[in-house]
Amino acid sequence: MSCLSRTASDQPSGFSNQQALLVLLLVFPAGLVLLGVGFTVLMRPQAQQAEQPKPLTTAERIEPRVNPVDLAISTVNQWVQALSDGNTTKAHSLMTDGAATLYDPDFFTQFERVTVSDLQVSSVSGSYINLNGVMTFIYPDGSTQRETRTFTVNVLSQSQPVVTATEFVSVIKPRY
């Protein structure tokens, strides 16, 4: 035998280059698919957590903007309620000093209750909103008088909206 010839027993054990390439071509794509599936499964809980809104911190909370007309109407309602209840402290906090001179708190003691209704905007000038409304004065004997009035509210006052003026317009239903 010559030393140049080889027999099957002389072949090294293991894969041939063609076999290794074939295994690599089959295993590599399967590995990528498994890696992608694993990544998707692991990331799903994080994606669900990201989709859920997180509570806002105090710094992130935004105060809702209130419609100035609604603010003016609310101020007049609170003011008339305070006058009706005899709560002069609250009533004075809801009006300017000039408007306070227009009302004597004792005037309201003659009524069982005073209400305001049908408040509608008549005009707006800057931070001042003018409203028309109906005031109803209910006497202890149950009789009533209804009158229309105008109210002017400054919605951008320093601390809170305030009634700056009110004026009698007409009697709708006199007391009998």
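The values are calculated or read from the model by the stated rules, or taken from the named source; none is laboratory data. Here the structure is a predicted model, which means the values were calculated and not measured. When we count neighbours, we look across all protein chains shown, and the Cβ atoms used for this are built from the backbone with ideal geometry, even at glycine. Ligands, DNA and RNA are stripped out before the accessible areas are found, and what is left, the full protein with its side chains, is counted by its heavy atoms. Shrake-Rupley method; radii C 1.70, N 1.55, O 1.52, S 1.80 Å.
Given their separation in residues at 0.36 nm each and the Cα-Cα distance between them, N132 and Y176 gain 13.4 nm when the chain is fully extended.
Based on protein heavy atoms only, the range 82-139 ends up with 53 Å² per residue of surface accessible to a 1.4 Å probe.
For S157, the residues whose amide H sits under 5 Å from its own are V162, ignoring neighbours fewer than 5 places away on the same chain, with H placed 1.01 Å from N.
Heavy-atom surface analysis with a 1.4 Å probe gives the range 78-176 a carbon and sulfur content of 49 percent of its accessible area.
Computed extension length for S74-Q160: 29.8 nm, one decimal, from 0.36 nm per residue of separation with the Cα-Cα distance subtracted. Computing FRET efficiency as 1/(1 + (r/R0)^6) for V121 and D141, where r is the C-beta to C-beta distance and R0 is 25 Å, gives about 0.10.
Sorted largest first, the spans of the alpha carbon positions of the range 69-176 along the three principal axes are 42, 28, 21 Å.
Protection proxy ranking, highest mean first, for peptides 144-155, 66-77, 98-109, 123-134: 144-155, 66-77, 123-134, 98-109, where packing is the per-residue count of other beta-carbon atoms within 10 Å, averaged.
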